[in-house]
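For reference, the structure discussed in these notes is given below.
Derivation of every value follows stated rules applied to the coordinates shown; laboratory data play no part. Predicted model only: the values in this text are computed from it and were never measured. Ideal geometry is used to build each Cβ from the backbone, glycine not excepted, and the neighbour counts take in all protein chains shown.
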Amino acid sequence: MKSLSDEIFNLIEDCDLNGVKAAEMAGISPRTIYDLKDSGTIGFISMLKIAQVCKGSDYHSVMTNWCRMLLTTEAIKHAFEYAAIKRDVALLGFLLQEAENDEPLSAYHGVYGLIYSFMKGEVPFLDLYNELKSVRISKDKSLSIIVDIYKCFMLYYQKDFLGILEKSKKIEQQIKKLGDGRRSFFKQCYAYRLAEVMMPVHLHFSNFEAARHFSEILIYSNISPKALSDGYYGLGMSYLLSNKTLCLKYLQRSYDAMKQIERNDLIEETRVNLKMAEMYFEVREGMSSPKLDDLLSGLTLGEDDDFIKYFRFRSIGTREGIYKGYKHFFKDMNFLFANLIADDLACFGVDYAQVEALKSINLNEKAEICFEKEITSCFSHWSRCSHNRVS
């Protein structure tokens, strides 16, 4: 049976490379290759980058096999997170089964076992955080961070956006403390996970600069078509009030990226998001309020979707209806849609200065950005490689 070391070196040779050249292209020290040959072990990020050097965008096909061959406790911990963040249910299930009675991995088995159950639809999302809290994670800093991030997702569904902002500040500091050593892979993954929830939160508060930054983290990571789609959605919505061309361009990219995955529900949702943005601009340009019934089935939130609510208020066709909509969104501190509908007051004779005064009411809390978009560079290294065998 071939070892992990054999598999890696065979793949490097198949690509007409030697170890030193592969290390150079992966941006890692040649010492890493020598250590792999001597001890048979390699850091997880180094392994991931070599897979990308050799297989390009198809790197996950070899990573799936290599993760199954890992032997050290540290490497298997990384493989758990890799499988989870790539949404590879089969790989995560295999790793959990292999580590079932491994005492040093018991806390990780507990946390990722619950994430696995959620991915399979066996644990409802709103129950996931409470289940995760029950796992004994001791003083493991990595696991405590991922549990806190899932709390932010729970708060998002409870619409406690201020709670997320407060919680995220502490999480960002915890992630930074992971450093760039052996926990660097967790640092990159958790920065990505945090960006997933912070992008829509900053959109909600009309913190467009921050929303775009977190969107760029998702796009730069290139972890999956869904990550790209979510990132382009964030960019598109951030330009809803200011730039029709950019807004529709990025929402179209969001739809195109989502079409690459086998989830008809998510594909339909991104299509409807694009369609509703197009309808918004059409209404702003004088067309009558659109019919919405055909779109509702494609939205997870249905009638609770913000765009649907906006169009319902807009279709009332009176100044009072617009004010009612403004009060609704303002009460929820949904400044993006509060400002959206405030713009419509001008169509009903409200003075421009008054409209701008309403739009100026905001949280006025400038977001501090702790991470550059390149924080997730290990997942998209393949796109920066230059080799004729890279796909």
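Per-structure values
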read-out: For segment 108-254, with +1 on Lys and Arg beta carbons and -1 on Asp and Glu, the positive-most of Gln188, Met119, Tyr150 along the dipole; value: Gln188
read-out: Set of lysines near Lys244 by C-alpha distance (under 18 Å), chain-local residues within fewer than 8 positions excluded; value: Lys275
read-out: Cα pair distances of the chain binned at 10 Å [whole percent]; value: 5, 20, 29, 23, 14, 7, 2, 0
read-out: Sequence of Cys247, Cys347, Cys15 once ranked by neighbouring C-beta atoms within 10 Å, starting from the fewest; value: Cys347, Cys15, Cys247
read-out: Around Glu282: net Lys/Arg minus Asp/Glu count, Cβ-Cβ under 12 Å; value: +2
read-out: Pairwise label distance in nanometres, Gln354 with Lys170, each label 7 Å out on the Cα-Cβ vector; value: 4.4 nm
read-out: Using θ = phi - 60° and Karplus 6.51 cos²θ - 1.76 cosθ + 1.60, couplings along segment 153-163 (whole Hz; Gly, Pro as x); value: 5, 5, 4, 4, 6, 8, 6, 9, 6, 5, x
read-out: If the convex hull is drawn through the Cα atoms of segment 150-270, its volume per residue in Å³; value: 110 Å³
read-out: Phi-based couplings in Hz for segment 217-228 (Karplus 6.51, -1.76, 1.60; Gly and Pro marked x); value: 4, 5, 5, 5, 4, 6, 5, 6, x, 5, 4, 4
read-out: Per-residue [θ]222 nm for the chain (sum of -39500 (n - 2.57) over DSSP H runs n ≥ 4, rounded to 500); value: -20500 deg cm²/dmol
read-out: From phi via Karplus (6.51, -1.76, 1.60), per-residue ³J(HN,Hα) for segment 328-339 in Hz, x at Gly/Pro; value: 4, 5, 5, 4, 7, 6, 8, 6, 4, 7, 4, 5
read-out: Mean separation of Cα contacts under 8 Å (6+ apart) over length of the chain, as relative contact order %; value: 16 percent
read-out: Length released on extending from Glu320 to Glu24, taking residue separation times 0.36 nm less the Cα-Cα span; value: 100.0 nm
read-out: Entries in Lys226/Lys324; Lys86/Lys120; Lys159/Lys187; Lys120/Lys226; Lys55/Lys176; Lys77/Lys120 that, when Cα-Cα distance is taken, lie over 24 Å; value: Lys226/Lys324; Lys159/Lys187; Lys55/Lys176
read-out: Extension gain from Lys141 to Asn362, taking 0.36 nm per residue of separation minus the Cα-Cα distance; value: 76.1 nm
